[in-house]
């Protein structure tokens, strides 16, 4: 078991953090405050919506980003997505072409481009966002951008894991927090993915009903088909347990195969020496398309939030356009 995995187990348990993480936590707090004070936000001339979180690991930011893009389009706007491009080898800021690969641009940007979004990546977020504006986008959605303060923003959305929430409530590396919980008081929306949303939070659920073959995307099976069957479930996301739990809720018998977030998959990672089907997240499946067998499926999910959330969001963006 890796050090990172052992630490994460501590974060979400009643065990005290290792003693050596406490001085590092104090240093992290100092550096973060200094970085925030030095930030000089840069405007790109159009409204910017930031979707992020204050914990490490996955909370459902990317599905929510795509849902917001769909909603903006339905209301007559031309959204674009800006991302860091973590995990890709792209150095300069760039617009993603059709057929963009996870290896080149990062798994999450490539996934969003495949879903039909206009996407730009770059370490320099304002420069990447300007590419979107030049392309004709009239609103920018920043995926995982809450801590990237150089990009001026009009709306901040923090997504939290409704089941795990904030663990032991400590900053890295003593706990899972990128920023103190008090940061939630400065954002416009706190979106709770799963679990029970509190009175001041927006409830969000991730839902998928089908599995698509990685070899032939036209081959689709209802998840109901796998009920009562045993499958290999593969996830290299921030919280693999959420994917496994979602399958078990459908009555599927799951053999778990968890990998680190942004894992660079190789053929041996999804070959198990039997004839059982393999179910993966879409983000992971993007990196396995070139070597997947016919029995490897991805499970697309979509984020669902109340209509009132989108109405309030559009008001903050500066439009009250109704959905088509």
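The values are calculated or read from the model by the stated rules, or taken from the named source; none is laboratory data. The structure presented is a predicted model; accordingly, all values stated were derived computationally and were not measured. FYI the Cβ positions are ideal-geometry reconstructions off the backbone, even for glycines, and counts take in every protein chain you see.
Structure summary
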| item | result |
| --- | --- |
| Qualifying position, being crowded, with 19+ Cβ neighbours inside 10 Å, at pLDDT 90 or above, assigned to a strand (DSSP E or B) and assigned by TED's automatic domain parsing to the domain that holds residue 309, among 44, 81 | 81 |
| Single residue of 59, 65 found to be assigned to a loop (DSSP other than H, G, I, E, B) and not assigned by TED's automatic domain parsing to the domain that holds residue 288 | 59 |
| Residues of the stretch 192-208 classified as part of a loop (DSSP other than H, G, I, E, B) and over 27 Å from residue 291 (Cβ atoms), total | 8 |
| Some residue of the stretch 124-142 being under 13 Å from residue 93 (Cα atoms), assigned to a loop (DSSP other than H, G, I, E, B) and more than 16 Å from the chain's Cα centre (by Cα) | yes |
| Any hit, the stretch 60-74, residues being surrounded by fewer than 18 Cβ atoms within 10 Å (Cβ to Cβ), touching a strand residue (DSSP E or B) at 6+ places or on another chain (Cβ under 7 Å) and under 27 Å from residue 300 (Cβ atoms) | yes |
| Residues of the stretch 103-123 satisfying the condition of being in a helix (DSSP H, G or I) and free of Cβ contacts under 8 Å to residues at least 40 places away in the same chain | 104, 105, 109, 113 |
| Selection within the stretch 296-317 - in a loop (DSSP other than H, G, I, E, B) and in contact with a strand residue (DSSP E or B) (Cβ under 6 Å, 6 or more places away or on another chain) | 299, 301, 305 |
| Only listed residue being outside any loop (DSSP other than H, G, I, E, B), out of contact with any strand residue (DSSP E or B) (no Cβ under 7 Å at 6 or more places or on another chain) and not assigned by TED's automatic domain parsing to the domain that holds residue 286, chosen from 183, 164 | 183 |
| Residues (touching a helix residue (DSSP H, G or I) at 6+ places or on another chain (Cβ under 8 Å) and not in a loop (DSSP other than H, G, I, E, B)) located in the stretch 248-268 | 254, 256, 257, 258 |
| Residue satisfying all of: in the stretch 227-236; closer than 19 Å to residue 272 by Cβ and in a loop (DSSP other than H, G, I, E, B); modelled with the lowest pLDDT among these | 236 |
| Given (1) touching a helix residue (DSSP H, G or I) at 6+ places or on another chain (Cβ under 6 Å); (2) modelled with pLDDT of 95 or more, index of the condition residue 191 fails | (1) |
